[in-house]
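Single-structure report; data block below.
What follows draws every value from the coordinates through simple rules; no lab data is involved. From a predicted model like this one, the values you see are computed outputs, not experimental measurements. Glycine gets a Cβ as well: all are built from the backbone with ideal geometry, and neighbour counts include every protein chain shown.
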Amino acid sequence: MFLQIASLLIASASAQFTDKCGLPADNACLVKNAQYTFVGTVTSNTISSGGSASNYNATLSVRCMFASFSSPPSSGEGLVGNTITVTGWGVPNPKCPNGLGAAANVQDTNIYFINVAQRPQAGQSAQNIIYAVQDICVGGIPFNQANLQTISDVLAQNPGNAITGAAAGTDAACTLPKSSVSSSSSTTGSSGTPQFNAGARPETTYLAFAAFLVGSVFLSM
Ligand SMILES: *[C@@H]1O[C@H](CO)[C@@H](O)[C@H](O)[C@H]1NC(C)=O
């Protein structure tokens, strides 16, 4: 009986877990948790070709590449100017509260956050890797000056995670505004090949905590 109640409570906790970066999301947190933060335009999606409104894939053409917070940071090499496949879209997503989800409508242009979803084959080029949207309850954020400022400020404090030079794109619209915070003294360069990063959501942490709470309640009864 107690076990049944406990599993019910855990099930409802997992259906409405809190996002790692909160909802509405903290944008600096999204940047710091994504393998890639970039500006892209959705060129196609699979809503009506194998997917559904609440679960589909999309292709995005990459215009600007700003940051990589994988460990080690990925170089972003070969992504700007190419089209990539990103999984994990859908609105509403049944895993998100309040009808939220991650939208990728054709022609949308936003700042997006993604992780490598499938371990790349040896020798696979960056644009052929399958990526996943980092936060399935958020998706992208508007490509505007305020959000570019947030990225600039995060990178001023984490310069080793900035993607620069040709890999960042040469489009003038990709230039980040000057940072409004003081720079970190770290000067680690960003280089290396894209790393596997499942982009796991923190559900297990919440589940473990929920189980712990439920266990404590029943033990004290
Ligand atoms: C999304 O892409 C993945 C990886 O290629 C594939 O396994 C999956 O079936 C696709 N899903 C949809 C809904 O298109």
Fewest to most Cβ atoms within 10 Å: ILE163, ILE84, ILE47, ILE130 sort as ILE130, ILE47, ILE84, ILE163
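Run the numbers for SER180 and ALA122: contour at 0.36 nm per residue of separation, minus the present Cα-Cα distance, in nm.
Gain on stretching SER180 to ALA122: 16.8 nm.
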Which aspartates and glutamates have a Cα less than 13 Å from the Cα of LYS32, not counting those fewer than 8 places away in the same chain? ASP135, ASP153
With the crude spin-label approximation of a point 7 Å out along Cα→Cβ, what separation in nm comes out for SER54 versus ILE130? 2.2
Expressed in nanometres to one decimal, the distance between label points 7 Å along Cα→Cβ at GLN107 and SER44 is 1.8
Reciprocal mean inverse distance between Cα atoms of the stretch 16-162 - Kirkwood radius, Å: 15.3
